[in-house]
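Only the coordinates and a few stated rules stand behind these numbers; no lab work does. In this text the structure is predicted, and so the values were computed from the model without any measurement. As a convention, Cβ positions derive from the backbone with ideal geometry for all residues, glycine included, and neighbour counts pool all protein chains shown.
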Amino acid sequence: MSKKKKERLDIVYSTNPNYSYQFEEEEEQATLAPKDQLLYVSIDRKQRGGKEVTLIEGFVGTDEDLKDLGKQLKSKFG
């Protein structure tokens, strides 16, 4: 979803042409240490044409650290 659309999720209609859509930005969470992370791993085939995908849920951290984790897992497990 685009950032502009996220800004207006709660506003249905405004007649004020100078109205500024203000929103609270989500704070990025600090990445927990690996021993403190509780990750759930599962295999899913739903709505994927019979192809299997591995889902990993429960990661707490920044988007950049999540991408790095994904790269490490892909390089180790294919």
Cβ under 14 Å from LEU39's Cβ, LEU39 left aside: what net charge do those residues give with Lys, Arg +1 and Asp, Glu -1? -2
If you add up the charges near VAL53, with Lys and Arg at +1 and Asp and Glu at -1, over every other residue whose beta carbon is less than 13 angstrom from its beta carbon, what do you get? +2
